[in-house]
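Read the structure below first, then the notes.
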Amino acid sequence: MSEYATQGFKLDDSGRRIVVDPVTRIEGHMRCEVNVDSNNVIRNAVSTGTMWRGLEVILKGRDPRDAWAFVERICGVCTGCHALASVRTVEDALGIRIPKNAHLIREMMAKTLQVHDHAVHFYHLHALDWVDVVSALSADPKKTSDLQQLVSPEHPMSSAGYFRDIQNRLRKFVESGQLGPFMNGYWGSKAYALPPEANLMAVTHYLEALDLQKEWVKIHTIFGGKNPHPNYLVGGVPCAINIDGDLAAGAPINMERLNYVKSIIDGIIEFNKNVYLPDVLAIGTIYKQAGWLHGGGLSATNVSDYGDYPKVNYDKRTDQLPGGAIIGGNWDEILPVDPRDPEQVQEFVAHSWYKYADETKGLHPWDGVTEPNYELGAKTKGTRTAIDQIDESAKYSWIKSPRWRGHAMEVGPLARYILGYAHALKGNPHCQRVKEQIEYASTMINQGIPKALGLPETQYTAKQLLPSTIGRTLARALEGQYCGEMLADDWNELVANLKAGDSATANTDHWDPSTWPQEAKGVGTVAAPRGMLGHWIRIKDGRIENYQCVVPTTWNGSPRDPQGQIGAFEASLMNTPMVNPEQPVEILRTLHSFDPCLACSTHVMSEDGRELTRVQVR
Ligand code: NFE
Ligand code: MG
């Protein structure tokens, strides 16, 4: 038995050790090791961020107005969210307030990212942990059409002929031996529980989503010039609007462009309602009924978010996904989260490849230190560059360990939905939609879908349904749907404001550094697709003195802290039974449900830029 037995997780590092490296269909590089007991149940989990890159330190000495363009490059997946956090941080430090149009356009950019990121995650990074592509070949297209009409009566692409065509395309792939994007799956594993018809339906939607996602990001290209990495601006947004302008004559965004944005939003809402959510509900119901209730981990106890999507800018009370922290699974008490409080958000490095003067203590990001220290524990098997088995009693990851008031937290759509539900139950009018969505999903999983598929009805409460791998995947689908709806609200509000004669998109009062105080510090937070994101800045004499980012996957993917508390990835794997440890479908399924982004979480580099290791490629 290991020395770590905290948060109710009894870690046992005896038994067989299984290594998954690299974990694929994620952003960046990650390794995971687990110990399984003689029944192939996971009893110890170790997650390692294996990549190392640099952005925070590149910012030192630069113009704060340029920071967004650098930090946005932390990641191409959650594109724009680091730029948004950055401009918010700088504006907070300098006391800049943005105009209403800029607020609404930034909201639309952020929600477009959410709907894009969530749908791409589900279909292209996660679905194949639930869906057996090869089994889809044995589906009856007529029965697939019936199933489609049962779970989503309004989706027009549902004929038997349509599914037969897709199945034929898929068969050609398989017969040619070139599975393309479907290579290297654990096809045929007993860990898959869907009937062939559900597999064919989901694979079909994988292809539909691939087509649609490129349309959705056009909202970023219209308001931000491009995607990935759309443009941002300290003080507002970098686009001008003249609703009566003539595009052909070189005018900025006009009503025709805005109507085009609206047509994309309508398509997003329709896909989420008719395809994405029904698929997740059907898959979730079938797996629940097959007894797959695993993966809750920290979400059953500790969740947090800063809160975002204010109906009225700068008024946190109007956040449509309100923040807070829940500890110990007590949904009746929502604790306030303040990113400025040095007692609340702290990063530890006891098990991370960094050095602090005192590693028993954490540092608040305004005082954050990033000094690399790659060393392996005595029990490591293998070499410094080819590790066979990591020693988790020592340092074992490039990810730091952020903690909230000392607690390990799960962050992400599931955390936000648990918080939104808890807030709604307390009467918060700004997140009643969240409660309504959760109630609808519960009814569908308990009664609606079982009835349609001839399965027995169930009685899961929200509290039983949500803290699980399925709940994490469901919360992301619900958040995608909600963000699509909020996008439509923002669009209406923007057009109304423009029609009322307000066309301002930036506030340049404090653009000139001569108007800035000699020293300032600020913080900016965002509900990023994978969870709570914070940037912290210190400005001195018009330049960046210190800049720190604490990102969602740093929270979820964190290694143990000095108290031995495991992070959310690790906790989620505990006690999960595996059908066959040689085919780690269950590990991928639960890790993928977080949508890990190791690029975001290991965005730091050595302060002096010194070479850490040299890899020779022959
Ligand atoms: Ni690179 Fe990211 C998000 C941020 S990290 S994906 O969402 O911020 O988890
Ligand atoms: Mg950081």
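The values are calculated or read from the model by the stated rules, or taken from the named source; none is laboratory data. Not measured: the values here are computed from a predicted model. A quick note on method: Cβ atoms are made from the backbone with ideal geometry, for glycine too, and the neighbour counts reach across all protein chains shown.
Of everything in region 368-378 that's without any contact (Cβ under 8 Å) to a residue 60 or more places away in the chain and not polar (S, T, N, Q), which residue is nearest to ligand 1 (Cβ to nearest atom)?
V369
Please work out if T24 is surrounded by fewer than 17 Cβ atoms within 10 Å (Cβ to Cβ), within 16 Å of ligand 1 (Cβ to nearest atom) and closer than 30 Å to V120 by Cβ.
In short, yes.
Could you say which residue among P552, P559, P529 is crowded, with 22+ Cβ neighbours inside 10 Å and more than 16 Å from ligand 2 (Cβ to nearest atom)?
Step by step, each of P552, P559, P529 is checked, and only P529 is crowded, with 22+ Cβ neighbours inside 10 Å and more than 16 Å from ligand 2 (Cβ to nearest atom).
Could you check region 518-536 and list, in sequence order, the residues that are over 15 Å from the mean Cα position of the chain (by Cα) and within 16 Å of ligand 1 (Cβ to nearest atom)? Full working, then the answer.
Filtering region 518-536 for residues over 15 Å from the mean Cα position of the chain (by Cα) gives 518-524, 535-536.
V523, G524, H535, W536 - these are the residues of region 518-536 that are over 15 Å from the mean Cα position of the chain (by Cα) and within 16 Å of ligand 1 (Cβ to nearest atom).
Name the single residue that is nearest to P577 (Cα to Cα) among those in region 1-55 being assigned to a loop (DSSP other than H, G, I, E, B) and at pLDDT 95 or above.
Looking at the filtered set, the residue picked out is N40.
Where the second residue is within 16 Å of ligand 2 (Cβ to nearest atom) and aromatic (F, W, Y) and the first is assigned to a helix (DSSP H, G or I) and lies in region 60-78, which pairs have Cβ atoms under 7 Å and are six or more apart or on separate chains?
Within 7 Å, the pairs are A67/Y547.
Quick test of your reading of the structure: L363 fulfils all but one of (1) under 24 Å from the mean Cα position of the chain (by Cα); (2) closer than 20 Å to L533 by Cβ. Name the failing condition by number.
(1)
Give the residues of region 539-549 that are surrounded by 20 or more Cβ atoms within 10 Å (Cβ to Cβ) and either at pLDDT 95 or above or among the charged types (D, E, K, R) (or both), sorted by residue number.
Listed by number, the residues that qualify are I539, I544.
Restricting attention to region 27-81, which residues are surrounded by fewer than 22 Cβ atoms within 10 Å (Cβ to Cβ), among the small types (G, A, S) and over 20 Å from the mean Cα position of the chain (by Cα)?
S38, G54, G61, A69 - these are the residues of region 27-81 that are surrounded by fewer than 22 Cβ atoms within 10 Å (Cβ to Cβ), among the small types (G, A, S) and over 20 Å from the mean Cα position of the chain (by Cα).
For region 496-518, name all the residues that are charged (D, E, K, R) and either modelled with pLDDT under 95 or closer than 13 Å to N242 by Cα (or both). Steps first, please.
Looking only at region 496-518, we keep the residues that are charged (D, E, K, R), and these are 499, 502, 509, 512.
Answer for region 496-518, where residues must be charged (D, E, K, R) and either modelled with pLDDT under 95 or closer than 13 Å to N242 by Cα (or both): K499, D502.
Is one or more of the residues making up region 374-382 outside any loop (DSSP other than H, G, I, E, B), within 16 Å of ligand 2 (Cβ to nearest atom) and more than 24 Å from the chain's Cα centre (by Cα)?
Taking region 374-382 as the starting set, the residues that turn out to be outside any loop (DSSP other than H, G, I, E, B) are 381-382.
Subsequent filtering for residues that are within 16 Å of ligand 2 (Cβ to nearest atom) retains none.
For region 374-382, residues outside any loop (DSSP other than H, G, I, E, B), within 16 Å of ligand 2 (Cβ to nearest atom) and more than 24 Å from the chain's Cα centre (by Cα): absent.
Which of the residues belonging to region 170-184 are over 16 Å from S138 (Cβ atoms) and at pLDDT 85 or above?
S176
When residues of region 566-576 are filtered for being over 16 Å from V20 (Cα atoms) and either surrounded by fewer than 24 Cβ atoms within 10 Å (Cβ to Cβ) or within 16 Å of ligand 1 (Cβ to nearest atom) (or both), how many remain?
Residues in region 566-576 being over 16 Å from V20 (Cα atoms) and either surrounded by fewer than 24 Cβ atoms within 10 Å (Cβ to Cβ) or within 16 Å of ligand 1 (Cβ to nearest atom) (or both): 3 in total.
Given K143, K100, K111, which one is surrounded by fewer than 22 Cβ atoms within 10 Å (Cβ to Cβ), in contact with an Asp or Glu (Cβ under 9 Å, 6 or more places away or on another chain) and under 26 Å from N507 (Cβ atoms)?
Details: K143 fails: under 26 Å from N507 (Cβ atoms); K111 fails: surrounded by fewer than 22 Cβ atoms within 10 Å (Cβ to Cβ).
Criteria check complete, one pass: K100.
If I ask for residues that are in contact (Cβ under 8 Å) with a residue 24 or more places away in the chain, away from ligand 1 (no atom under 16 Å from the Cβ) and not in a loop (DSSP other than H, G, I, E, B), which ones from region 538-555 would you list? If you could, list the steps in order and put the result at the bottom.
Quick first cut of region 538-555, residues in contact (Cβ under 8 Å) with a residue 24 or more places away in the chain only: 538-539, 542-555.
Among the residues that remain, those that are also away from ligand 1 (no atom under 16 Å from the Cβ) are: 538-539, 542-546.
Within region 538-555, R538, I539, R543, I544, E545, N546 qualify.
Select from region 340-360 the residues that are without any contact (Cβ under 8 Å) to a residue 60 or more places away in the chain and surrounded by fewer than 14 Cβ atoms within 10 Å (Cβ to Cβ) and write down the one among them that is nearest to N546 (Cα to Cα).
Within region 340-360, the match that is nearest to N546 (Cα to Cα) is P342.
Among the residues of region 185-201, is any closer than 20 Å to I268 by Cβ, in a helix (DSSP H, G or I) and of a type in the set (A, V, I, L, M)?
no
Conditions first: (1) in contact with a Pro (Cβ under 6 Å, 6 or more places away or on another chain); (2) under 25 Å from D308 (Cβ atoms); (3) among the hydroxyl-bearing types (S, T, Y). T112 passes all but one, so which condition is the exception?
(1)
Conditions first: (1) away from ligand 2 (no atom under 16 Å from the Cβ); (2) touching a residue at least 40 places away in the same chain (Cβ under 8 Å); (3) within 30 Å of N428 (Cα to Cα). N330 passes all but one, so which condition is the exception?
(2)
Restricting to region 505-525, name every residue that is touching a Gly at 6+ places or on another chain (Cβ under 7 Å) and among the polar types (S, T, N, Q).
Those that are touching a Gly at 6+ places or on another chain (Cβ under 7 Å) and among the polar types (S, T, N, Q): T505, N507, T508, T525.
Go through (1) among the hydroxyl-bearing types (S, T, Y); (2) touching a residue at least 24 places away in the same chain (Cβ under 8 Å); (3) farther than 30 Å from C78 by Cβ for S152 and report which single condition fails.
Of everything listed in (1) among the hydroxyl-bearing types (S, T, Y); (2) touching a residue at least 24 places away in the same chain (Cβ under 8 Å); (3) farther than 30 Å from C78 by Cβ, S152 misses just condition (3).
Given the criteria in a helix (DSSP H, G or I), of a type outside the set (G, A, S) and buried (at least 22 other Cβ atoms within 10 Å of the Cβ), does V120 qualify?
In short, no.
Of the residues G412, G420, only one is surrounded by 22 or more Cβ atoms within 10 Å (Cβ to Cβ) and touching a Leu at 6+ places or on another chain (Cβ under 6 Å); which?
Details: G412 fails: touching a Leu at 6+ places or on another chain (Cβ under 6 Å).
The conditions single out G420.
Do we have any residue at all in region 504-512 that's touching a Phe, Trp or Tyr at 6+ places or on another chain (Cβ under 8 Å) and among the aliphatic types (A, V, I, L, M)?
Among the residues of region 504-512, not one is touching a Phe, Trp or Tyr at 6+ places or on another chain (Cβ under 8 Å) and among the aliphatic types (A, V, I, L, M), which makes the answer no.
Show the residue pairs that are 6+ apart or on different chains and have beta-carbon atoms under 7 Å apart, the first residue being within region 590-605 and farther than 15 Å from L474 by Cα, the second being surrounded by fewer than 24 Cβ atoms within 10 Å (Cβ to Cβ) and at pLDDT 90 or above.
Correct list of pairs: empty, since none qualify.
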